[in-house]
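Structure, as structure tokens:
The values are calculated or read from the model by the stated rules, or taken from the named source; none is laboratory data. For clarity, every value in this text was computed on a predicted model and none was experimentally measured. Glycine also receives a Cβ, built like all others from the backbone with ideal geometry; neighbour counts cover every protein chain displayed. Only protein heavy atoms, including side chains, enter the accessible area calculation; ligands, DNA and RNA are left aside. Shrake-Rupley method; radii C 1.70, N 1.55, O 1.52, S 1.80 Å.
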Amino acid sequence: KENIQPIEDALSKVSQLNGVTFTYKADGKESAGLIAQDVEKILPCAVIEKKLPLQTGDEDTLYKTVHYDALHALMIESIKELSSKVKELEKKLEEK
């Protein structure tokens, strides 16, 4: 790996994402996740375009899909930011 950069302002980025439930058009199955176009605005590297011929029957169209593994680092950093805020608040409460 090269050009390694820390994720900054992770909590703000996570707060811009919206979890949704949805039904797949191809088979009617219900699922939950994120909308790729929304994720792309926040973390472009977490969205890939690929053909989905087995699910759609269309061999030419590219579909945006979320590469959920790429979101792990964002979630980890946002948890660390939240933890830091909690510690600050706990410290203030102890001082009173």
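Observations on the model:
- Calculated FRET efficiency for the pair Ala26/Lys64, C-beta based, R₀ 22 Å, to 0.05: 0.90
- Sequence-distant contacts, meaning Cα pairs under 8 Å at least 6 residues apart, place the relative contact order of region 13-83 at 24 percent.
- A 1.4 Å probe, protein heavy atoms only, puts the accessible area of Val20 near 50 Å².
- Carbon/sulfur fraction of accessible area - region 37-82, other protein chains in place, 1.4 Å, %: 58 percent
- If R0 equals 25 Å, the separation of the Cβ atoms of Cys45 and Leu82 corresponds to a calculated FRET efficiency of about 0.65.
- Computed from the Cβ-Cβ distance with R0 of 35 Å, the FRET efficiency linking Lys1 to Glu95 stands at 0.25.
- Cα-based helix-to-principal-axis angle, 72-95 vs the chain, degrees rounded to 10: 20 degrees
- Based on protein heavy atoms only, region 1-91 ends up with 78 Å² per residue of surface accessible to a 1.4 Å probe.
- Among the trypsin sites (Lys or Arg not before Pro) in region 2-76, those placed in a DSSP loop whose Cβ has at most 13 other Cβ atoms within 10 Å are Lys25, Lys29.
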